[in-house]
1. At what distance in angstrom do the alpha carbon centres of region 52-72 and region 75-91 lie from each other?
2. With each label point set 7 Å from Cα along the Cα-Cβ vector, what nm distance links SER225 and GLN154?
3. Give me the 1.4 Å probe accessible area per residue for region 77-149, excluding ligands and nucleic acids, in Å².
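The values are calculated or read from the model by the stated rules, or taken from the named source; none is laboratory data. For clarity, every value in this text was computed on a predicted model and none was experimentally measured. With ideal geometry, Cβ positions are generated from the backbone for all residues, glycine too; neighbour counts draw on all protein chains shown. Just the protein is used for accessible areas: all its heavy atoms, side chains included, with ligands, DNA and RNA removed. Shrake-Rupley method; radii C 1.70, N 1.55, O 1.52, S 1.80 Å.
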Amino acid sequence: MSVFGSGLSLRNAVGSVVCDYHGAGGQLSHRATSYCPCFTPGTLIKTDFGEVPVEELTVGTRVLTRDNGYRAIVWTGHRLLEQDVLSAHPSLYPIRISKGALGPNLPERDTRVSPQHRMLLNNDQIRAWFDADEVLVAAHLLTCFKGVARETVQNVTYIHFMFDQHEIVLADGAWSESYQPSDMRLGAIDEQHRIELLSIFPELADDAGLVFPAARASIDAAQFSKAVLPSE
């Protein structure tokens, strides 16, 4: 049973709620930093042969997806952010989601993701706010809630993996997203990863957003603030 109850619980019961870094990372160059949706080492991903640490996944590993059963990974990548980058861009520190913060045993253990990594939410509170059964919300927006916080670390490795379409995967017992390519222009993603991805998916050079649509509706900062902040 969740230590935080059956649904999301705001840190502040009364008055304005401040969610840390609503706009974090969106304007930062991947060449200097990494604002992609990513997992961190030690995150356990559900595969067809059990839970596997994300850093051990390889191309061809079959991962459980919410919509399409087990699907084979087609690409993996990682990025180490050292203290100098994190100090210059504190919005890139990982987000720690405590066991049960998103609902009963969601996640099943403490998990850490990049700020822009989107979690799948589908409780009654979310349905009331957004009139949708399931939505994707970036982790940095969830710092309003009990059990979700930004962590200061000396360094962090962000790991991402990708299928032939955007998928929802089971990580540390909670559903969240696989990597979704977006802006493939030079400077929006580091050159090595850009070349690798374009060699696999040359069509991404035209419009990655159309080629790789999100698996669920994604809630942006403005929508989230409107729902969470009390009406004046």
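1. 24
2. It works out to 3.7 nm between the two label points.
3. Computed with neighbouring chains in place, this is 37 Å² per residue.
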